Amino acid sequence: MFEGRILRVLSDPPLSGFENMSRDEVLWEGLSEGGSLVLRFFRWREKTLSIGRFQRTSDIDREYLSCRGIPLVRRPTGGRAILHGEEITLSLVLPEKDISLRQSYETFKMVLGEALWAVGVPVDREVTDIPVRCASPACFSLTFPHELAVGGKKIAGIAQARGQQGILFQVSLPLSLDREEFAFCFLSKETILEELKKNFVSLGELGFVPQRRSELEKAVVEAFRKYWGVAIREDRWHVGEEEKNRHLLEEKYLLPSYHWER
């Protein structure tokens with residue numbers, strides 16, 4: 001599907017949630033037909049609660065976030081809320097409009113699964129059998145078929161956005177997660193805490209230590225090269241992209257109303 005195409009790889013230092021989401025949107029909007037794929041690894045400057053593009057905020061305990069100093073940021077992708085912190089986070093933008101929703105998830109999940117196997121994380125090969133409906137506002141409450149699990153427990157959040165310019169994926173692989181703190185970000189704290197205890201496992205709990213972060217990132221890049229047949233190009237942000245990011249931050253992501261008024 002992407003044989004011979006260029007995979008541009010970016011790696012950013014810890015940034016605010018607002019800048020991380022703005023940067024992903026700039027990359028997504030900058031896609032051109034037949035152009036490079038872009039893989040971006042990034043980190044979080046502080047604990048941040050991200051919510052899906054269309055997710056309502058009425059489930060969020062705003063007072064708790066304020067007391068804990070946890071910012072809330074709305075992602076350009078869909079899905080449910082994630083408390084980001086000590087984790088491996090990546091995004092992928094594809095200048096591809098014709099690939100189906102299911103096919104895009106399956107091919108992307110395959111690459112990530114192979115990368116995790118390469119570093120000793122035994123990702124489930126079989127599709128997880130799950131209920132059709134899940135009302136929880138928390139991402140790690142249940143595992144859906146397009147997501148990654150170990151022993152039936154979710155280890156990653158994968159969300160997608162699709163537009164005329166192509167596809168944006170965003171992935172969160174927690175190295176650790178304070179389940180109680182995450183659950184307390186919501187009004188239905190007790191229910192979500194029980195779901196997290198039952199259905200989620202972090203990479204750290206599987207024995208993967210944070211010091212191996214770069215090893216996993218390299219394994220992801222190698223899996224794209226091996227299974228998608230792309231050519232790898234380590235790159236930096238272009239001046240024009242940096243300028244677009246500054247404008248998008250000011251006009252959208254630094255406005256509290258954009259994140260809360262849904």
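The values are calculated or read from the model by the stated rules, or taken from the named source; none is laboratory data. Just so it is clear, the model here is predicted, and its values are computed rather than measured. Note: ideal-geometry Cβ built from the backbone for every residue, glycine included; neighbour counts use all protein chains shown. Note: areas computed on protein heavy atoms with side chains; ligands, DNA, RNA excluded. Shrake-Rupley method; radii C 1.70, N 1.55, O 1.52, S 1.80 Å.
Residues of the stretch 208-218 that are surrounded by fewer than 19 Cβ atoms within 10 Å (Cβ to Cβ) and touching a residue at least 40 places away in the same chain (Cβ under 8 Å): Pro210, Arg212, Arg213, Glu215, Glu217.
Taking the stretch 35-54 as the range and being open to solvent by 50 Å² or more (accessible area, probe 1.4 Å) and either touching an Asp or Glu at 6+ places or on another chain (Cβ under 7 Å) or closer than 19 Å to Leu112 by Cα (or both) as the test, only Arg43 passes. So which residues in the stretch 81-106 are modelled with pLDDT of 95 or more, in contact with a helix residue (DSSP H, G or I) (Cβ under 8 Å, 6 or more places away or on another chain) and outside any strand (DSSP E or B)? Across the stretch 81-106, the qualifying residue is only Glu86. For the stretch 87-114, filtering for residues that are open to solvent by 60 Å² or more (accessible area, probe 1.4 Å) and among the hydrophobic types (A, V, I, L, M, F, W, C) leaves 2. Filtering the stretch 35-58 for residues that are modelled with pLDDT under 95 and farther than 17 Å from Trp260 by Cβ leaves a non-empty set. Of note, Glu217 satisfies the criterion of being within 17 Å of the chain's Cα centre (by Cα) and assigned to a helix (DSSP H, G or I). Put simply, of Gly204, Gly163, Gly157, Gly229 the only residue that is touching a residue at least 12 places away in the same chain (Cβ under 8 Å), open to solvent by less than 50 Å² (accessible area, probe 1.4 Å) and at positive phi is Gly229. The set of residues from the stretch 1-34 being more than 30 Å from Gly69 (Cα to Cα), open to solvent by 20 Å² or more (accessible area, probe 1.4 Å) and of a type outside the set (Gly, Ala, Ser) comprises Met1, Glu3, Arg5, Ile6, Glu29, Leu31, Glu33. So in the stretch 61-79, with the set limited to residues that are in a loop (DSSP other than H, G, I, E, B) and over 11 Å from the mean Cα position of the chain (by Cα), which one is surrounded by the fewest Cβ atoms within 10 Å (Cβ to Cβ)? Result: Gly69.
Counting only residues that are modelled with pLDDT of 85 or more and part of a loop (DSSP other than H, G, I, E, B), which one in the stretch 132-152 is surrounded by the fewest Cβ atoms within 10 Å (Cβ to Cβ)? Working first, answer last.
Step one: filter the stretch 132-152 for residues modelled with pLDDT of 85 or more, giving 136-141, 148-152.
After this cut, where a residue has to be part of a loop (DSSP other than H, G, I, E, B) as well, the list is 136-137, 148, 151-152.
Details: Ser136: 18, Pro137: 21, Leu148: 20, Gly151: 10, Gly152: 14.
The qualifying residue surrounded by the fewest Cβ atoms within 10 Å (Cβ to Cβ) is Gly151.
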